[in-house]
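What follows is a single structure, written as structure tokens, with notes after it.
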Ligand SMILES: NC(=O)c1ccc[n+]([C@@H]2O[C@H](COP(=O)([O-])OP(=O)(O)OC[C@H]3O[C@@H](n4cnc5c(N)ncnc54)[C@H](OP(=O)(O)O)[C@@H]3O)[C@@H](O)[C@H]2O)c1
């Protein structure tokens, strides 16, 4: 089969398209004919050598959609449409930058859908992350307002769609004022241009502070997000678009305002049920959930897709079609 193998960290050209053996059958694992996959920031980190737990050589890719070739217990028919994600895929074992992928059964979701592969592929990891961040992390069913920090990311756009559908008033951030119009069209009531310090601007809209913050930029803006949040409100750190994993000088007593709650969402396949994922897929199919997707590329143009991610020009979830 054809697969992109990375043997050392670096730029997109380090992903080398090669002929390799198909993964060998393994008890409890499902062999999938990969039809399409979404690109993820975590793969970008790994490609650059910033994922200490991943050793090379490796085939990256933490999610895919496709058809079952062989399943362990006979509980999945061959040809069944499935999504697969996480569980060490593309990190501890070879992932989806390949024509065939072998994945533990518990990370495989059989789906009923007529969505084309290129649309379906954008959904699994994105919906798992957003669903978990909004409901497990932020408990949005008890909230009225949400700040999405890093809203022009694919996770940001999807969060706005789901939170808006749940009735929340959305404030969105971008560093680029030219993207404001698009965020308003995507459902934001307010757009704040993010220069790293926006708590005062958010409090000009919500004097007592905002109910919830989905922090996608990460530790570079986290303390400012805490300042923007009302007493009893929640900040959930889900992303690190700012590129910095740690806070070097963290003083919990001073940095976390009294009564504001700080949590995180790091996400696993088991954090979304098959029923919930199927429900979202059906909503996308019926048009009840409109998600913004990004550009699609054919398999042999993966490098271009990574360049687009390097340059922050995707403007939505990038999908690679394997064919
Ligand atoms: N916890 C989980 O389970 C999980 C799962 C998936 C993804 N994530 C994380 O969620 C985040 C979003 O992922 P994604 O794939 O949706 O991202 P993406 O679509 O690639 O995000 C692109 C956007 O990021 C913003 N950005 C880039 N560099 C930035 C910086 N230094 N500071 C502030 N903003 C910056 C840019 O917005 P502007 O130019 O408009 O400001 C750009 O439009 C990532 O950190 C990713 O690792 C977490």
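The values are calculated or read from the model by the stated rules, or taken from the named source; none is laboratory data. Quick caveat, the model's predicted, so the values are computed rather than measured. Here the Cβ positions follow ideal geometry from the backbone for every residue, glycine too, while neighbour counts run over all protein chains shown.
Which ones in region 141-157 are away from the ligand (no atom under 16 Å from the Cβ) and either in contact with a strand residue (DSSP E or B) (Cβ under 7 Å, 6 or more places away or on another chain) or in a strand (DSSP E or B) (or both)?
143, 144, 145
Among (1) free of Cβ contacts under 8 Å to residues at least 40 places away in the same chain; (2) out of contact with any strand residue (DSSP E or B) (no Cβ under 9 Å at 6 or more places or on another chain); (3) surrounded by 19 or more Cβ atoms within 10 Å (Cβ to Cβ), where does residue 160 come up short?
In the conditions (1) free of Cβ contacts under 8 Å to residues at least 40 places away in the same chain; (2) out of contact with any strand residue (DSSP E or B) (no Cβ under 9 Å at 6 or more places or on another chain); (3) surrounded by 19 or more Cβ atoms within 10 Å (Cβ to Cβ), residue 160 misses (2) alone.
Within region 269-291, can one find any residue that is within 18 Å of residue 42 (Cα to Cα), assigned to a helix (DSSP H, G or I), at pLDDT 90 or above and touching a strand residue (DSSP E or B) at 6+ places or on another chain (Cβ under 8 Å)?
yes
If you take the residues in region 227-261 that are in contact with a strand residue (DSSP E or B) (Cβ under 8 Å, 6 or more places away or on another chain) and assigned to a loop (DSSP other than H, G, I, E, B), which one is nearest to residue 208 (Cα to Cα)?
Restricting to residues being in contact with a strand residue (DSSP E or B) (Cβ under 8 Å, 6 or more places away or on another chain) and assigned to a loop (DSSP other than H, G, I, E, B), the top hit is 228.
What number of residues within region 272-294 satisfy the criterion of being buried (at least 17 other Cβ atoms within 10 Å of the Cβ) and within 16 Å of the ligand (Cβ to nearest atom)?
7
Restricting region 21-41 to residues that are in contact (Cβ under 8 Å) with a residue 24 or more places away in the chain and either over 22 Å from residue 117 (Cβ atoms) or in a helix (DSSP H, G or I) (or both), which is nearest to the ligand (Cβ to nearest atom)?
41
Could you tell me whether residue 82 is buried (at least 18 other Cβ atoms within 10 Å of the Cβ) and over 20 Å from the mean Cα position of the chain (by Cα)?
Taking the combined requirement at face value, the residue does not satisfy it.
Here is a check on your reading of the model: is residue 93 within 24 Å of residue 293 (Cα to Cα) and free of Cβ contacts under 8 Å to residues at least 24 places away in the same chain?
no
Output the number of residues of region 292-323 satisfying the condition of being assigned to a loop (DSSP other than H, G, I, E, B) and free of Cβ contacts under 8 Å to residues at least 24 places away in the same chain.
Final tally of qualifying residues: 3.
Out of curiosity, is residue 260 crowded, with 19+ Cβ neighbours inside 10 Å and away from the ligand (no atom under 12 Å from the Cβ)?
Criteria met by residue 260.
Looking for something touching a helix residue (DSSP H, G or I) at 6+ places or on another chain (Cβ under 8 Å) and at positive phi - is there at least one such residue anywhere in region 167-183?
So far as region 167-183 goes, no, none of its residues is touching a helix residue (DSSP H, G or I) at 6+ places or on another chain (Cβ under 8 Å) and at positive phi.
Here are some residues: 194, 211. Which one is within 15 Å of the ligand (Cβ to nearest atom) and over 17 Å from residue 252 (Cα atoms)?
Residue meeting the stated conditions: 194.
Consider region 295-323. How many of its residues are away from the ligand (no atom under 15 Å from the Cβ) and at pLDDT below 95?
Total satisfying the criteria: 1.
Can you find, within region 164-177, the residue that is farthest from residue 221 (Cα to Cα) among those that are within 9 Å of the ligand (Cβ to nearest atom) and over 19 Å from the mean Cα position of the chain (by Cα)?
176
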